[in-house]
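Peer 1: Got a structure for you, written out below as structure tokens; questions coming shortly.
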Amino acid sequence: MKTKPYFRYWLLALAGCAALSLYPFMMGVRVTSLMHTLGYVPFEQYPKYVIPYTPLAIALIIGVLVMPPAQRFLGRLGLPAGAALSAAVFFIFERIMESKILVQTTTAVPLESWQLSLCIMQPQLYESRTWEAVDVLLGGYKPSFKLHFYLIALVLLVSMLGCIYGFGRMILTGDKSKTRRKALTIESIATAVFLGMCIWACFTAFYRGGELAVPTVSAVLMAVFFLLLGLVVGAFSGALTLGKPRFLSIWLPAILASLTVLLMYIGELLLLNGTNLYLLGSGWFFEPLPAIVLAPADIAIILAAGLLTALIFAALNKRESPAE
């Protein structure tokens, strides 16, 4: 075991995660300070995305902190254990912030996110309200938004830990497999780009307006976002099963990638009153199919996530051999 290089890598990873988490931590400290001194957060001083990025940052740091003992004592089970602990930490802090942060405003404001909505409106108002799809399109998010919101948060958290733990295990065990390094590199790049798109979406919502039919630029960005989400899940699972039998190393990651995108569509469907999805264009290819709501374009995106994953890992697994 290469203890010293591993320890240096762990310190570097911890420092990198701390730097990445600096702004979310600052947002959390700011909100906590205002709650302590005023008992509420003035609307003008509320950091728009303190939820979920502060809980996500805390969970990531905890996951990296426990990496050395997790990998030393649990071996290959270190990643599942670390990811489970981090996920629990995320949901604990997420729940605390959702229920304890109070935002006060004296004027009517558009509810730009469901997180902010929770901090302004009482939960019973959501339970008694009759929701229409147009309410969501214009910013009045309902709690069912949490399904794919939490899915995205967990994918980000677990995939980031998967990259960090994966390279760490290679160093710790002296694994010099070039193919495994390539798989982890692909996972890291996909995760970094997906995180960037998540941040971009936070501040722009990809330029959607109050209509189900979205502009071309929005349609392209949404399609890329969904594909990346599936690819991140596929790359994470594919890096874990590299070199295994064909079903486990190629088709299982592909299936998981497509299922994740499908789950995102289900979350979006629930959000839009259970009867609508965003229309990515005009013509038969973008029109919802009877009974299933999904359009051929949506089905193509779901399948493309799995196909792209399968192609990548079919190529990588051809190069994987015991001699590497």
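The values are calculated or read from the model by the stated rules, or taken from the named source; none is laboratory data. Note that this is a predicted model, so its numbers are computed, not measured. Note: ideal-geometry Cβ built from the backbone for every residue, glycine included; neighbour counts use all protein chains shown.
Peer 1: Could you look through region 272-298, keep only residues that are part of a helix (DSSP H, G or I) and out of contact with any Leu (no Cβ under 8 Å at 6 or more places or on another chain), and pick out the one that is modelled with the highest pLDDT?
Peer 2: Taking the candidates together, the pick is F285.
Peer 1: Also: With respect to K4, determine if the residue is in the same structural domain as A88 (by TED's automatic domain parsing) and not in a helix (DSSP H, G or I). Before you say what the answer is, go through the steps one by one.
Peer 2: Values: in the same structural domain as A88 (by TED's automatic domain parsing): yes; not in a helix (DSSP H, G or I): no.
No; evaluated as a whole, the condition is false for this residue.
Peer 1: Is it the case that some residue within region 299-311 is within 20 Å of H148 (Cα to Cα), more than 20 Å from the chain's Cα centre (by Cα) and surrounded by fewer than 20 Cβ atoms within 10 Å (Cβ to Cβ)?
Peer 2: yes
Peer 1: I need a count of the residues in region 215-271 that are among the small types (G, A, S) and out of contact with any helix residue (DSSP H, G or I) (no Cβ under 8 Å at 6 or more places or on another chain).
Peer 2: 1
Peer 1: Right, next: Would you confirm whether or not region 250-260 contains a residue that is closer than 22 Å to K146 by Cβ, surrounded by fewer than 19 Cβ atoms within 10 Å (Cβ to Cβ), in contact with a Leu (Cβ under 7 Å, 6 or more places away or on another chain) and of a type in the set (S, T, N, Q)?
Peer 2: no
Peer 1: Could you pull out every one of the helices (runs of 4 or more DSSP H) wholly within region 132-207 that has 3 or more residues that are of a type in the set (K, R) and either at pLDDT 85 or above or assigned by TED's automatic domain parsing to the domain that holds F225 (or both)?
Peer 2: So the answer is 178-204.
Peer 1: Look at P296 and say whether it is surrounded by fewer than 20 Cβ atoms within 10 Å (Cβ to Cβ) and touching a helix residue (DSSP H, G or I) at 6+ places or on another chain (Cβ under 6 Å).
Peer 2: Values: surrounded by fewer than 20 Cβ atoms within 10 Å (Cβ to Cβ): yes; touching a helix residue (DSSP H, G or I) at 6+ places or on another chain (Cβ under 6 Å): yes.
Yes.
Peer 1: Would you mind finding the one in M35, M67 that is surrounded by fewer than 23 Cβ atoms within 10 Å (Cβ to Cβ) and in contact (Cβ under 8 Å) with a residue 24 or more places away in the chain?
Peer 2: The conditions single out M35.
Peer 1: Hey, among the residues in region 143-194 that are charged (D, E, K, R) and touching a residue at least 24 places away in the same chain (Cβ under 8 Å), which one's nearest to G267 (Cα to Cα)?
Peer 2: Within region 143-194, the match that is nearest to G267 (Cα to Cα) is K146.
Peer 1: Look at region 211-249 and say how many of its residues are surrounded by fewer than 18 Cβ atoms within 10 Å (Cβ to Cβ), touching a residue at least 24 places away in the same chain (Cβ under 8 Å) and either more than 14 Å from L308 (Cα to Cα) or of a type outside the set (G, A, S) (or both).
Peer 2: 7
Peer 1: Identify, by number, the condition in (1) of a type in the set (S, T, N, Q); (2) in contact with a Gly (Cβ under 9 Å, 6 or more places away or on another chain); (3) more than 17 Å from A239 (Cβ to Cβ) that T204 doesn't meet.
Peer 2: (2)
Peer 1: When you look at Y278, is it farther than 18 Å from I186 by Cβ, in contact with a Lys or Arg (Cβ under 8 Å, 6 or more places away or on another chain) and of a type outside the set (K, R), yes or no?
Peer 2: yes
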